[in-house]
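K.L.:
Okay, handing you the structure first.
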Amino acid sequence: MLRVLALLRHGLAAGQAADSRLLPEGRAYLERLGAKLEAEGWRPAAVLTSPYARAKESAAVLVRALGAEVPSRALDELVPEGDAEVALEAVTAAAPLATPVLVVAHMPLLGQMALELVGEAPGFSPGTLVEIAREGQGGGRLLRRIGPQDVPAT
């Protein structure tokens with residue numbers, strides 16, 4: 001089964017602590033990203049986040065901007081220093097048939113997950129979304145990368 005993982009680094013936040021919240025500019029960017037994706041008709045079938053506040057908040061802002069009603073689920077395996085292989089297994093277990101799956105987490109984990117799937121880390125500045133198509137449990141291919149430079153403020 002072909003499956004798409006949309007890996008999103010949380011938006012610009014006030015710090016790196018587990019309870020750090022998004023900055024206003026981080027929220028505003030995620031709203032613009034959501035509007036861009038909504039205009040394309042893009043909708044996640046499942047939303048999985050890190051348990052950290054900035055990741056959960058990023059998911060909520062993006063999903064709201066999409067006009068979607070998809071509940072999110074926090075996974076302990078999606079913390080910044082998590083293991084990429086363990087995180088990918090947790091994502092598969094949490095949403096086995098869903099596609100696309102929005103995964104909102106942190107660096108360095110997201111870079112390691114992308115490296116595991118496509119053999120390269122495409123770069124994850126805050127708010128960057130990377131879509132990867134994955135066949136079964138094997139590797140994948142990079143579909144696209146949308147960073148803050150691709151969604152300018154109006």
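K.L.:
Which of the residues that make up the stretch 134-153 are among the small types (Gly, Ala, Ser) and over 14 Å from the mean Cα position of the chain (by Cα)? Break it down stepwise before answering.
P.N.:
Let us first name the residues in the stretch 134-153 that are among the small types (Gly, Ala, Ser), namely 136, 138-140, 147, 153.
GLY136, GLY138, GLY139, GLY140, ALA153, listed by residue number.
K.L.:
Of the residues in the stretch 107-138, how many are of a type in the set (Asp, Glu), in contact (Cβ under 8 Å) with a residue 24 or more places away in the chain, out of contact with any Lys or Arg (no Cβ under 6 Å at 6 or more places or on another chain) and outside any helix (DSSP H, G or I)?
P.N.:
1
K.L.:
Would a scan of the stretch 88-111 turn up a residue that is among the charged types (D, E, K, R), farther than 20 Å from LEU143 by Cα, out of contact with any Cys (no Cβ under 7 Å at 6 or more places or on another chain) and crowded, with 17+ Cβ neighbours inside 10 Å? Show your work before the answer.
P.N.:
The initial filter retains those residues of the stretch 88-111 that are among the charged types (D, E, K, R), namely 89.
Then drop every residue that is not farther than 20 Å from LEU143 by Cα, which leaves 89.
In the following step, the residues that additionally are out of contact with any Cys (no Cβ under 7 Å at 6 or more places or on another chain) were identified as 89.
Going one step further and asking which of them are crowded, with 17+ Cβ neighbours inside 10 Å, we end up with none.
No, that holds for no residue.
K.L.:
State which residue pairs qualify: first residue within 14 Å of ALA105 (Cα to Cα) and inside the stretch 16-30, second residue assigned to a helix (DSSP H, G or I) and among the charged types (D, E, K, R) in any location, beta carbons under 7 Å apart, and separation of 6 or more residues or different chains.
P.N.:
SER20/ARG54; ARG21/ARG54; ARG21/GLU57; LEU22/ARG54; LEU22/GLU57
K.L.:
In addition: Just to verify a result, which residue in the stretch 123-138, among those that are at pLDDT 95 or above and of a type outside the set (Gly, Ala, Ser), is surrounded by the most Cβ atoms within 10 Å (Cβ to Cβ)?
P.N.:
Initially, the stretch 123-138 is screened for residues at pLDDT 95 or above, giving 124-133.
Still in the running and of a type outside the set (Gly, Ala, Ser): 124, 126, 128-132.
Details: PHE124: 24, PRO126: 22, THR128: 22, LEU129: 23, VAL130: 26, GLU131: 19, ILE132: 24.
Per the criteria, the residue is VAL130.
K.L.:
Residues of the stretch 46-88 being charged (D, E, K, R), over 26 Å from ALA14 (Cα atoms) and in contact (Cβ under 8 Å) with a residue 12 or more places away in the chain, which ones?
P.N.:
Within the stretch 46-88, just GLU85 meets the criteria.
The values are calculated or read from the model by the stated rules, or taken from the named source; none is laboratory data. Since we're looking at a predicted model, the values are computed, not measured. Here Cβ is always computed from backbone atoms with ideal geometry, including for glycine, and neighbour counts include all displayed protein chains.
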